[in-house]
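Q: My structure is below; once you've seen it, I'll send some questions.
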Amino acid sequence: MSTVFIILQANEDTRPIVDAIEQDNPLAEVIHEPAMVKVQAEGRLVVRRETIEEEIGREFDMQELNINLITLSGNVDEDEDALTLTWNS
């Protein structure tokens, strides 16, 4: 398996998003840098709208991720409820 990841800007808006990603991906590794946060996992990483909404306390449109998104790696499957990164071997 290969590592998939998402990198977001490190700011107040992304803090609850990273927390939500950690909740949904307990085996993921979170790497905090001065200006960015990288969340990586082996093979699969899921970003769920519902969990983000619980963290931020309001409705969340998955397209809002793009505001603070730096880059990502993996095969992307995206709809209004989740963004899933996978690595097909």
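Q: Between residue 63 and residue 35, what's the calculated FRET efficiency when r is the beta-carbon distance and R0 is 22 Å? Round to 0.05.
A: Values: r = 22 Å, r/R0 = 1.02.
Here the calculated transfer efficiency is 0.45.
Q: Quickly estimate the mean residue ellipticity at 222 nm for the chain, helices only: each DSSP H run with n ≥ 4 gives -39500 (n - 2.57), and the total goes over all residues, rounded to 500. Intermediate results must be reported in sequence, preceding the final value.
A: Values: 3 runs with 22 residues, N = 89.
Rounded to the nearest 500, it is -6500 deg cm²/dmol.
Q: Rounded to a whole number, what % of the accessible area of the range 7-89 do carbon and sulfur atoms account for, probe 1.4 Å?
A: Of the solvent-accessible surface of the range 7-89, carbon and sulfur hold 44 percent.
Q: Return the label of the correct value of Cα extents along the principal axes in Å, as calculated from the structure shown, out of (i) 30, 28, 21; (ii) 62, 40, 12; (iii) 37, 30, 22.
A: Given (i) 30, 28, 21; (ii) 62, 40, 12; (iii) 37, 30, 22, the structure-derived one carries the label (iii).
Q: Next question, about the same structure. Once amide H atoms are placed 1.01 Å from N in the peptide plane, what residues at a sequence separation of 5 or more from residue 70, or on another chain, have their amide H within under 5 Å of its amide H?
A: 7, 8, 9
Q: Ignoring ligands, DNA and RNA, what accessible area per residue does the chain give at 1.4 Å, in Å²?
A: The answer is 60 Å² per residue.
The values are calculated or read from the model by the stated rules, or taken from the named source; none is laboratory data. Since the model is a prediction, treat every value here as computed from it, not as a measurement. No Cβ is skipped: glycine too gets one built from the backbone with ideal geometry, and neighbour counts run over all protein chains shown. Ligands, DNA and RNA are excluded from the accessible area calculation, which covers all protein heavy atoms including side chains. Shrake-Rupley method; radii C 1.70, N 1.55, O 1.52, S 1.80 Å.
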